[in-house]
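A quick write-up on the structure given underneath.
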Amino acid sequence: MADRATDPPRLCVYGVRCDSWEGRQADTLSPDERYRASTFRLTLDRRRYVAARTFLRHVLARYLDVAPAEVEFTYSREGKPGVTGIQFNLAHCEDLFVAAVSNVPVGIDIERPGTTTPALAKRILTTRELARWRRLSSSERRVALTRAWVRKEACAKALGGGARDDFMWSEVGLHQSQGFRRVRVEPASVSLADLDAVPDHIAAVAVVSSVAPLMSVHLVDYESPHLPSLAASFEPAEIAADDEGAEKRI
């Protein structure tokens, strides 16, 4: 964990295919979670919810040093879950569930490429981003718009809300990039990065910090159903500049 303002935050990202995790110790869920599961009309959605919550409990339990069934959630007025002592955020796309855990406020989002509609561009892109986006080919536009949406949603979630219009003025770029870059989103500085390790999806993670975090990414599948050790190594970031001239960390 970071001890001083200049120390890099710690960030771990976990991903799982819910359809492969389904049925693993679902008895760890609370009565409230089981009731929520019962409200899903489709069996597939119910199974994925149970798998995601079970997986989340196993992840958080390792940080809180408790059994998965003993993780106690609190909920904001908007229904956002939280626990005492650590920060985390969630996202899912179909059966793929991702969770980001940090010691600073964090946001994560994930989508399949091209799932956004062109009409969204005028609402979420800055004037400069929109001009760049219009110069792309039609296939490039679909991917670039999804990437911008995911990045801005991750920033907005790190700051405590969804992707509202008041977060959309910040430039996050349209092209794939490596490592963390600083994005100024009033009243805070956010460190933002793409998650290239998530296959066939566009994903991004953001932390409320002007210092790039030390990050590790763990994808769990059916062949390797156990969570990795929390003693995973972290590599310090180095300063670089991207093709749009903004400072970033890799």
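Readers should treat all values here as calculations from the given coordinates under stated rules, not as data from a laboratory. All values derive from a computational prediction rather than experimental measurement. In this analysis, Cβ positions are derived from the backbone assuming ideal geometry, glycine residues included, and neighbour counts consider all displayed protein chains.
Remarks
- Spin-label model, ASP65/ARG46: points 7 Å from Cα along the beta carbon direction are separated by 3.9 nm.
- Relative packing of peptides 28-37, 77-86 - highest average C-beta neighbours within 10 Å first: 28-37, 77-86
- Highest to lowest packing among 207-215, 137-145, scored as the average C-beta count within 10 Å: 207-215, 137-145
- Modelled label reach - ARG34, point 7 Å along Cα→Cβ, the stretch 63-85 residues with backbone N closer than 20 Å: 67-74
- Separation of the GLN178 and SER138 label points, Cα + 7 Å toward Cβ, nm: 3.3 nm
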